[in-house]
Amino acid sequence: MMPPITRRHKRNNPEYCEPAMTRYRLNLRITALMMALALLFAGCASVNLESHVAESANEALDVAAIVSDRREAQAYLLRAADRFQSQNQHRDARTLLQSDQFDSPDDETANQLALLSMASATALDDARWAAEVASRIEPDFFLNFEPGLINRAGRLQEQTYVLADDNLAAAVTLILLAEADTDADTQSLHDAIWQNLKKTSDSELADVEGRAIGYQAQGWLELAGILREPDASLDEQGRMIRSWQNNWPDHPAASMPPAELQLIASLAETRPERITLAVPLSGPLSSAGAAIRDGFFAAYYEDDSADRSKISVRVVDTSDRSFPQLYRELADENQDLIVGPLEKDALATLSDMESLPVPVLGLNYLPSNTEAPSGLYQFGLSAEDEARQIADRLAAEGINQILVLIPAGEWGDRLEGALLQRLEQKEGVALDIERYFREDNLRAVTADLLGITVSRNRAIDVERTAGIDVEFEPRRRQDADGIVMVAEPTVARQFKPLFAFYFGGDLPVYSPSMVYEGNPDPSRDRDLNDVIFTDTPWILEEDNQFRAVVKDVMPDIKGQLGRLFAMGADAWQLSKRLPLLQHVDGATIDGQTGEMAMTPDGSIHREQLWARFRNGTPERLPELEEPTASEVQEIDELPRQE
């Protein structure tokens, strides 16, 4: 009898889905094989390759395999791949474009193959494939196509380079495209060139600057270089931009700068001067409100670009006030910006308004599926952001099948939803999700997660059926690649040793920032050794000058209060640059809580850093790098285990 589907989120149950899937796949292969055999006996001449429409990638490959003319077979597969792409079946297109049929193509076929490959690699977000395609082309490759295709080819090429983590080549591609296509959207191109140059490392930029060929490329590289001055204020950056325009008057970006640079040049004139910080300073959230307030003012007084003769910041306590009433009062006082509230319920009261006459930088997020009014920005320490970053790292490390531990409750529901949504986007799957309470028997929870309970129950069933004692050694499930552990430190220190006890000690473990108290404690955190977790630059950045200054005068700012202090500091940085994040695609701000970017609805999300516990102490991990083309080839050539 087929087992029931239960609330415990058992996923990919082989006993439940494999027979049907196996029969389905077998039927497809039999159909394709029969067709191939029929074609083989009938002779290739009976197949009109120009009009033949394959229903699947395997069928197309079977047809191509019996075509004696290699070039005709390749042309047929290219047409089939193009048709699959038009139907948004990019996985089928990938199967064709990566097939052995395209070994040693001629130049024309190679060009078409690269163009179609770029289209599907970017559609599938396949970084490995993108890196392999990028290794075979140069930035001027798109110029091989006819004028009507140049813009599309150039844009696809730029996206491929970005996916392959080669932003410099992406920028050079767009610089060449701007010269070649006079009908292109110049502002869009300039914005994209700038975003790619921003993401190019200092060493790459310095290496290529002296070898740049052409007036336009030299101008772009100089512009990117001068705006990398460390700690330059907004006013100083504005002066640098205007000076560059004077030195390069004939450069296309002088008359039409990237939108981000236009905003930077004008931000000093438009930054808010009358600001109200509205946070709870009494009641259960008073310590959180005070930490945010202190962080806000610490960043304000450390900011040399702030003209304190013009800027006024007032603080109001929201703990005993109706926020809609407080908002109306502040709007009547002609405030330029309100930072707050922190309380989720108070922030939700603004969602009934169509627009806000005074902009609000809320320190929390509206409930899901709630539309934000115009003028409302949302910023906080979002657990959902961390869940998505965990899913991204799992995918980058090739970990596709995971087991998950998440606390029960509404907070855990939100984190689970974000994790599963991003996992699905990255073609990963949660095989099992165990929701637990702190007071639960954690040994039993872990045994359930690793499949020990199921293994033990099978042995008991065998003993009952056979009527004899059976020698039994429990065995964990073998289909998992890793574990996501969402737990506070006191609970995580119990879970981690239990993974080893139940034969799961070889599985890598990933956690959000809550696993770390924020202060080194090697004697207690040794049980967390090898746990990989994400946290803020405030916690993990080794050389953080702002944190060093703060801790000299405020040594008690640490742990979770330290993260909230960092959030307050970033709220000050955001108060000056909200228009930049809102109007410039790809614009980011490096802050104490992470790299901040804004979605179209005004929500600000963060990318944090990564660390691993070593000897009970967090050790910073470098950013993951995409494999090179040669590494990809070596991996592909490894023998596969059946």
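The values are calculated or read from the model by the stated rules, or taken from the named source; none is laboratory data. This is a predicted model, so every value here is computed, not measured. Using ideal geometry, Cβ is built from the backbone for each residue, glycine included, and neighbour counts are taken over all protein chains shown.
Looking at (1) closer than 21 Å to Thr349 by Cβ; (2) assigned by TED's automatic domain parsing to the domain that holds Asp535; (3) polar (S, T, N, Q), which is the only condition Gln401 fails?
Going through (1) closer than 21 Å to Thr349 by Cβ; (2) assigned by TED's automatic domain parsing to the domain that holds Asp535; (3) polar (S, T, N, Q) one by one, Gln401 breaks only (1).
Determine, yes or no, whether Glu72 is in a helix (DSSP H, G or I) and either farther than 24 Å from Val162 by Cβ or among the β-branched types (Val, Ile, Thr) (or both).
Details: in a helix (DSSP H, G or I): yes; either farther than 24 Å from Val162 by Cβ or among the β-branched types (Val, Ile, Thr) (or both): yes.
In short, yes.
Between a first residue in the stretch 432-444 that is assigned by TED's automatic domain parsing to the domain that holds Phe501 and a second residue that is acidic (Asp, Glu) and at pLDDT below 95, which pairs have beta carbons less than 9 Å apart while being 6 or more apart in sequence or on different chains?
Asp432/Asp448; Glu434/Asp448
What do you reckon, is Glu343 exposed (fewer than 13 other Cβ atoms within 10 Å of the Cβ) and either basic (Lys, Arg) or in the same structural domain as Gly283 (by TED's automatic domain parsing) (or both)?
no
Can you find a residue in the stretch 358-376 that is in a helix (DSSP H, G or I) and out of contact with any Asp or Glu (no Cβ under 6 Å at 6 or more places or on another chain)? Quick ask: steps written out before the conclusion?
Let us first name the residues in the stretch 358-376 that are in a helix (DSSP H, G or I), namely none.
Among the residues of the stretch 358-376, not one is in a helix (DSSP H, G or I) and out of contact with any Asp or Glu (no Cβ under 6 Å at 6 or more places or on another chain), which makes the answer no.
Take the conditions in the same structural domain as Pro489 (by TED's automatic domain parsing), in a helix (DSSP H, G or I) and in contact (Cβ under 8 Å) with a residue 60 or more places away in the chain and apply them to Leu415. Does it pass?
Values: in the same structural domain as Pro489 (by TED's automatic domain parsing): yes; in a helix (DSSP H, G or I): yes; in contact (Cβ under 8 Å) with a residue 60 or more places away in the chain: yes.
In short, yes.
In the stretch 300-316, what residues are farther than 24 Å from Gln592 by Cβ and of a type in the set (D, E, K, R)?
Lys310
Kindly evaluate Ala291 against the criterion of being farther than 24 Å from Leu223 by Cα and part of a helix (DSSP H, G or I). Step through it out loud before you land on a result.
Working: farther than 24 Å from Leu223 by Cα: yes; part of a helix (DSSP H, G or I): yes.
Judged against the criteria, Ala291 is a match.
Here is a list: Ala278, Ala299. Which entry is crowded, with 22+ Cβ neighbours inside 10 Å, in a strand (DSSP E or B) and in contact (Cβ under 8 Å) with a residue 60 or more places away in the chain? Spell out the reasoning first.
Values: Ala299 fails: in a strand (DSSP E or B).
None of the other options fit; the residue is Ala278.
Mind telling me which of the residues Arg547, Arg526 ends up being of a type in the set (Lys, Arg) and touching a strand residue (DSSP E or B) at 6+ places or on another chain (Cβ under 9 Å)? Please lay out each step first, then the result.
Details: Arg547 fails: touching a strand residue (DSSP E or B) at 6+ places or on another chain (Cβ under 9 Å).
Step by step, each of Arg547, Arg526 is checked, and only Arg526 is of a type in the set (Lys, Arg) and touching a strand residue (DSSP E or B) at 6+ places or on another chain (Cβ under 9 Å).
How many residues does the stretch 435-451 hold that are within 15 Å of Gln401 (Cα to Cα) and not in a helix (DSSP H, G or I)? Give the steps one after another, and end with the answer.
Just the residues of the stretch 435-451 that are within 15 Å of Gln401 (Cα to Cα), to begin with: 449-451.
Checking which are not in a helix (DSSP H, G or I) leaves us with 450-451.
Within the stretch 435-451, residues that are within 15 Å of Gln401 (Cα to Cα) and not in a helix (DSSP H, G or I) number 2.
Does Leu156 meet the test of being at pLDDT 95 or above and over 25 Å from Lys198 (Cα atoms)? Full working, then the answer.
Details: at pLDDT 95 or above: yes; over 25 Å from Lys198 (Cα atoms): no.
Answer is no for this residue.
Given (1) crowded, with 20+ Cβ neighbours inside 10 Å; (2) closer than 19 Å to Val133 by Cβ, identify the lone condition not met by Ala54.
If we test Ala54 against (1) crowded, with 20+ Cβ neighbours inside 10 Å; (2) closer than 19 Å to Val133 by Cβ, just (2) comes out false.
Search the stretch 223-249 for residues being surrounded by 16 or more Cβ atoms within 10 Å (Cβ to Cβ) and more than 30 Å from Ala299 (Cα to Cα), and hand back the single one that is modelled with the highest pLDDT.
Trp248
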